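Notes follow once the structure below has been shown.
The values are calculated or read from the model by the stated rules, or taken from the named source; none is laboratory data. Source: prediction; values computed, not measured. Note that each Cβ is placed from the backbone with ideal geometry, even for glycine, and that neighbours are counted across all protein chains shown.
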Amino acid sequence: MTRHEIIVALDQEIQRLESARTLIRNSRDVTADISLRNGHAKPAMRRHISPEGRRRIIEAQRRRWAKQKKEDAKGK
């Protein structure tokens, strides 16, 4: 691929991206309406983990640490 072909391909990609940007900017969806009215969109709701789920994650991480510690001890 020559330098000229690369530049032409980049120009085409830039044009495609600018067209997509224009479409997005001109589209009106619910979140855009909210942000225009309030100045900001509603923050995303955070998901909460149950104590049981948190405990399972902690135990799994401890098992990974123990496995790694055991493998490190074998290597010495």
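Note on segment 1-30: residues that are assigned to a helix (DSSP H, G or I), modelled with pLDDT under 90 and loosely packed, with under 10 Cβ neighbours inside 10 Å amount to 4. Only one of the numbered conditions (1) of a type in the set (G, A, S); (2) modelled with pLDDT under 95; (3) part of a helix (DSSP H, G or I) is not met by A60, and that is (2).
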